[in-house]
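Have a look at the structure below before the remarks.
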Amino acid sequence: RHLYDVSADLGGRLVRDKLWFYGAFIQQDKLAGVVGFASGPGADGRYLTEDDPLADVRTRLTHGALKLSYQPTRGNRLIAAWQPTLKYQPQGLPPEPNRFRPLESTLDYRNPSSMYKGELQSTLSNRIVFNVVAGYGGYLADYAPWRSNFAAPVVKGNPPRLDRETGLNLGANPKTNIEYRDKWQVDSGLSFFPERFLGGRHELKTGTTLYWRRNSVGWRLHPSGDYTLVFDRISNVSGTPTEIQIRNSPTQPDSRAHYYAGYIKDTWRVTEKVTLNLGLRIEQQKAFLPKQSREASPQFPTLFPAASYDSLDVLTWNTVVPRAG
């Protein structure tokens, strides 16, 4: 139906030889049809027939950026940057919606993410340079059928329903996921260029990397019920109740990984014709589950009672890697 992409940016000096800025904004918006995706059952009151009116799907991306650079002294510079982004799909995330999930059974999907950092660049002398940068990058995936302005009311009495004979999904959308990915990192490096050392010229560098990750895929309580009613054609009778799929909600597991690394390297020019590249890197990677607990399912406490879980070390890798060339 339409596609647009607008953007603007502005940057420059705020204080001469001291402070600079840069900012940007971009938004893309697309409204398009999906083959067979219906906004309703049509005049005959039945889905998957030729008179189903069609619906559209929107995808909107909004992105911003802001950067400040400050130089308090000739040898030191501070940099801060931030980039927020929002992905918004009010009819849900593909492969849904589709022919077998009409508009009344869609959900509101929002995916805010951000990346930011702070950095120090320092020239300690004409032979020593130091740099340290710390930052974060991550996102939140939020699936909420009750927030949709297009779906049928998400209330008790309208649970998710699946007809296996036709493949049609009706009622409230079952997905209530809340998912996050968080990553924090600190990198530092010190470079040293001695005039003469051990009978040659050197470019020495040492540094560290500290990296922490946290991931989770969880389910929230569903206002229409934490279950899906399943129907099928049995004994030649369509729409026969067949089974019920019950979800273990609410849950929000927490998994983590830590990475720690340090290195030292040297480019040693022994003579005008011989250069040695030497290095050593030490790293540890550790994946684990911290101690955590979950509340009982309010709708099915017998099936899914409250529980607590001890911490669990999943995997630890230690590596030492030398380098010579």
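The values are calculated or read from the model by the stated rules, or taken from the named source; none is laboratory data. In this text the structure is predicted, and so the values were computed from the model without any measurement. When we count neighbours, we look across all protein chains shown, and the Cβ atoms used for this are built from the backbone with ideal geometry, even at glycine. In case anyone asks, the SASA skips ligands and DNA or RNA and just uses the protein heavy atoms, side chains included. Shrake-Rupley method; radii C 1.70, N 1.55, O 1.52, S 1.80 Å.
All conditions in (1) among the aliphatic types (A, V, I, L, M); (2) more than 20 Å from Thr228 (Cα to Cα); (3) touching a residue at least 60 places away in the same chain (Cβ under 8 Å) hold for Leu107, with the sole exception of (2). In this structure, Pro194 does not qualify as free of Cβ contacts under 8 Å to residues at least 60 places away in the same chain and in a loop (DSSP other than H, G, I, E, B). The single condition among (1) of a type outside the set (Phe, Trp, Tyr); (2) part of a loop (DSSP other than H, G, I, E, B); (3) free of Cβ contacts under 8 Å to residues at least 24 places away in the same chain that Leu48 does not meet is (3). Could you list, in sequence order, the residues of the range 41-67 that are in contact with a Leu (Cβ under 7 Å, 6 or more places away or on another chain), open to solvent by 30 Å² or more (accessible area, probe 1.4 Å) and on the phi < 0 side of the Ramachandran plot? Tyr47, Asp56, Arg58, Thr62 - these are the residues of the range 41-67 that are in contact with a Leu (Cβ under 7 Å, 6 or more places away or on another chain), open to solvent by 30 Å² or more (accessible area, probe 1.4 Å) and on the phi < 0 side of the Ramachandran plot. The number of residues in the range 299-317 that are of a type outside the set (Gly, Ala, Ser) and open to solvent by 80 Å² or more (accessible area, probe 1.4 Å) comes to 8.
Among the criteria (1) open to solvent by less than 70 Å² (accessible area, probe 1.4 Å); (2) outside any loop (DSSP other than H, G, I, E, B), the one Ser293 does not fulfil is (1).
Only residues that are under 30 Å from Ala324 (Cα atoms) and not in a strand (DSSP E or B) were counted in the range 256-290, giving 5.
Which residue is nearest to Val132 (Cα to Cα), if the candidates are limited to the range 95-119 and must be among the hydrophobic types (A, V, I, L, M, F, W, C) and either modelled with pLDDT under 95 or open to solvent by less than 40 Å² (accessible area, probe 1.4 Å) (or both)?
Leu107
Scanning the range 171-194 for residues that are among the acidic types (Asp, Glu) and open to solvent by less than 30 Å² (accessible area, probe 1.4 Å) turns up Glu179, Asp182.
When the range 1-40 is limited to residues that are touching a residue at least 24 places away in the same chain (Cβ under 8 Å) and not in a strand (DSSP E or B), the one that is least open to solvent (accessible area, probe 1.4 Å) turns out to be Gly40.
Annotation note: Cβ proximity below 6 Å between a residue of the range 272-291 that is over 27 Å from Lys183 (Cα atoms) and of a type in the set (Val, Ile, Thr) and a residue that is open to solvent by less than 70 Å² (accessible area, probe 1.4 Å) and modelled with pLDDT of 95 or more (sequence gap 6+ or interchain) occurs for no pair. His222 meets each of the listed conditions (1) of a type outside the set (Ser, Thr, Tyr); (2) in a loop (DSSP other than H, G, I, E, B); (3) closer than 20 Å to Gln299 by Cα; (4) more than 31 Å from the chain's Cα centre (by Cα) apart from (4). Report whether or not Gly92 is closer than 23 Å to Gly33 by Cβ, open to solvent by less than 80 Å² (accessible area, probe 1.4 Å) and in contact with a Phe, Trp or Tyr (Cβ under 8 Å, 6 or more places away or on another chain). In short, yes.
Tell me the residue from Ala144, Ala134 that is within 21 Å of Pro72 (Cβ to Cβ), modelled with pLDDT of 95 or more and either open to solvent by less than 50 Å² (accessible area, probe 1.4 Å) or basic (Lys, Arg) (or both), please.
The unique qualifying residue is Ala134.
Taking the criterion of being among the charged types (D, E, K, R), under 27 Å from the mean Cα position of the chain (by Cα) and surrounded by fewer than 13 Cβ atoms within 10 Å (Cβ to Cβ), no residue of the range 225-279 qualifies.
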